[in-house]
Amino acid sequence: MFKNYDDYKAQRDALLAQAQGFADEGKQEDYDKAVQAVNNLDAKYTEWAQRQSDLAALQGAAKAPVSAAGREAIVDRITEQDNDLEYRKQFMNYVMKGTPIRMSNNDEITTTDEVGAVIPRTVINRIVEKIEKSGNILALVTRTYYKGGVVVPTSSAKPTASWVAERGDVDTQQKAVGSVVFAYNKLKVKVAVSLEVSVVTLDIFERTIVDQISQAMAKALDSAIINGRGATTYHEPKGILAETVVSGQNVDVTESNAFTYADLINMEAALPEGYDDAIYVMNKKTFVSQVLGMVDKNDQPIARVDSGIDGKPSYNLFGRHVEFTSALPAYTGGTVAADTVVAFLFRMEDYFLNTNLNPTIKRYTDEDTDDEVTKCILLADGAVVDKNSLVTLTIKNS
């Protein structure tokens, strides 16, 4: 069936290219068949890879490479018992001491080097909850949980309604069919659990691991949503600013110049109708130095600072929410080395972040330093499914 992983990958790439061609031509029926062929191929490869792995184990050989899909299958089997107190204690000992985890049947867990130990579900839930609270950009985008590698039609992800006659139907051939493919990109975070092994409790350990993983991953995901360069070359999500802006939806400011009222009005004018829920995104220093003190011709401030229901400041510009992020550079009126986007308008729900929500922990020794390193791995990808609300403000390098 398959000679190796490269053979499977070549067959898969050919099917994806075929699906993309049908999508571009608007051939919905052929497109659906091509997508189903990809899903069938993935299922067959997962079975094949598992058989190869089982055979290698019987022969006493090293395990064969397992695809991302195969890795998920292994994780699913392990997580059946990852929620009980005994497993949580074993997980702590694995991270702190490197003690192998054993399942309830006393057999040592069999995983690939990439899987390591599955984080207990109770801890994952706390990590996910804290990531979503810590990542202010992450909290604004649409979260999806598609299987990696599957072609997802944007027409399905963002359905539209059509007027039809009585008992009429929608002509699917007239609907533009785009697509997005979510890849298996690994987000790795090194965890430094600097606790005294002899006195640490399970509760302290879990609070520490949750804090360290969630803070690091929230920051990395926020940055990827905005600045990610794409999975094909860089193995990371494709960020909002990696998209080519629709013609006429960029506003230029010459370096060393301050923002003007006209610049912000031009951004508003460039935003198409129907995207009134778009928000401004910029660095807080940019907002304070360039926007907060700006007034219109009647000397009325154009930006407002209100107190939210939680007592924290809420910033608004022309009635739109302003979201701050350190993923964008701060501009205070100086020069730039190259053309730089320092602020943008965008409807954040039109960015889809696809995650597997099954982070895993792997413990290893750094051969150069002899340090014991613990890392957490999360699979994620992301893409803009509708870029029409994106309006950028660029500082031009003169």
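If you build the convex hull over the alpha carbons only and average its shadow over all orientations, what do you get for the stretch 304-398? Give it in nm² to one decimal. Could the numbers behind the result be given before it?
Details: hull surface 46.5 nm².
So the mean shadow area of the Cα hull is 11.6 nm².
Cα centroid distance between the stretch 226-301 and the stretch 314-351, in Å?
First find each Cα centre; the distance between them is then 5 Å.
Name the residues whose placed amide hydrogens come within less than 5 Å of the amide hydrogen of T99, ignoring near sequence neighbours (fewer than 5 apart) on the same chain.
Under 5 Å from the amide H of T99: Y94.
Take the Cα atoms of the stretch 226-366, find their three principal axes, and give me the spread along each one in whole Å, biggest first.
63, 39, 36
With an 8 Å cut-off on Cα pairs and a minimum separation of 6 or more residues, tell me the relative contact order of the stretch 262-398 in percent.
28
So what is the orientation-averaged projected area of the stretch 200-256, using the convex hull of its C-alpha atoms, in nm²? Don't jump to the answer; show the numbers that get you there.
Working: hull surface 29.5 nm².
If you wrap the Cα atoms of the stretch 200-256 in a convex hull and average its projections, you get 7.4 nm².
Would you calculate the separation in nanometres between label points at D366 and Q215, each defined as 7 Å from the Cα along the Cα-to-beta-carbon direction?
In this crude spin-label approximation the distance works out to 1.9 nm.
Just name one of T365, A338, N388: the one whose Cα is farthest towards the positive end of the charge dipole of the stretch 295-393 (beta-carbon charges, Lys/Arg +1, Asp/Glu -1).
So the residue we want is N388.
Long-range amide H contacts for T325: which residues qualify at under 5 Å (H placed 1.01 Å from N, peptide plane, sequence gap of 5 or more or a different chain)?
Those lying under 5 Å, H to H, from T325 are M282, N283, K284.
What percentages make up the Cα-Cα pair-distance distribution of the stretch 182-300 when the bins are 10 Å wide from 0?
Going from the shortest bin to the longest, the percentages are 10, 26, 26, 20, 12, 6, 1.
Read the figures in this text as sums done on the coordinates, not as results from a lab. Computed from a predicted model, the values in this text were never measured in an experiment. So basically every Cβ, Gly included, is an ideal-geometry build from the backbone, and we count neighbours across all protein chains shown.
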